[in-house]
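Okay, so here's the structure we're looking at.
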Amino acid sequence: MGEIVSFGDTKDSLRKRMTLLRECMTPAEREKASYMIFDTLYKLPEFQNADTIYSFAGFGSEVYTLNPLFKMIKLGKRVALPRMEDDERIEFYEVRKISDIRKGPLGIMEPDGSYPPIEVRPDIILMPGVAFDRRFNRLGYGKGYYDRYLTKTGYYRFVWKIAICFGCQIARRVPSDKHDVSMDMIITEKEIIR
């Protein structure tokens, strides 16, 4: 499938179209593609040299992340997931085992708070999103949690921001604003964009 032509799209219209494309994948297709994405990630020197990885818990039709995250823990990585602290803010908490996570207020799996917020700067942040382009722009879900977090902590300057998504989520152009944080790399089941 070719890239979605998105010139003139608003963020909302692009979100709707890209979410629909992602939801058209069967669960088996998403599972296979997710495996391929993480297989690629594991082979990267950026991953192999990383000690601490912040990620997200895949939700709905997003890339499946939970099993790969627990594989990372077995590989000796420290892994942290976001937890909603309020309507404006997320914080990352380390997870060490499956019982450390539960469904949050939006139905997304998140840390239960067994441990305090992690204070170790990550080497990599795996970024969710609805759409990405080859200029490393990211279209999130419209709440700005990640952009605010990365700006507040200053991590946007110091850590690898790696988007993991399906190939159908690559658009020709994603509208961006000055407060939107761009990616350093994008991994799909088909390619690495760097």
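The values are calculated or read from the model by the stated rules, or taken from the named source; none is laboratory data. Bear in mind that the values here come from a model prediction, so they are computed numbers and not experimental data. A quick note on method: Cβ atoms are made from the backbone with ideal geometry, for glycine too, and the neighbour counts reach across all protein chains shown.
Numbers for the structure displayed
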read-out: Pairs with Cβ under 7 Å, 6+ apart, first in the range 104-127 and farther than 21 Å from residue 59 by Cβ, second surrounded by fewer than 13 Cβ atoms within 10 Å (Cβ to Cβ) and at pLDDT 95 or above; value: 123/51
read-out: Number of positions in the range 45-62 that are closer than 21 Å to residue 129 by Cα and in a helix (DSSP H, G or I); value: 2
read-out: Qualifying residue in the range 28-40 (condition: over 19 Å from residue 141 (Cβ atoms), small (Gly, Ala, Ser) and in a loop (DSSP other than H, G, I, E, B)); value: no
read-out: The one condition in (1) among the small types (Gly, Ala, Ser); (2) surrounded by 15 or more Cβ atoms within 10 Å (Cβ to Cβ); (3) out of contact with any strand residue (DSSP E or B) (no Cβ under 7 Å at 6 or more places or on another chain); (4) farther than 23 Å from residue 37 by Cβ that residue 167 fails to fulfil; value: (4)
read-out: Flag for residue 110 being modelled with pLDDT of 95 or more and charged (D, E, K, R); value: no
read-out: Residue in the range 170-194 that is surrounded by the most Cβ atoms within 10 Å (Cβ to Cβ), counting only those that are in contact (Cβ under 8 Å) with a residue 24 or more places away in the chain and under 21 Å from residue 88 (Cα atoms); value: 181
read-out: Strands (runs of 3 or more DSSP E) contained in the range 63-171 and holding at least 3 residues closer than 20 Å to residue 22 by Cα; value: 160-164
read-out: Number of positions in the range 48-94 that are touching a strand residue (DSSP E or B) at 6+ places or on another chain (Cβ under 7 Å), among the aliphatic types (A, V, I, L, M) and farther than 23 Å from residue 167 by Cβ; value: 7
read-out: Of residues in the range 57-70 being free of Cβ contacts under 8 Å to residues at least 40 places away in the same chain and closer than 23 Å to residue 169 by Cβ, the one surrounded by the fewest Cβ atoms within 10 Å (Cβ to Cβ); value: 60
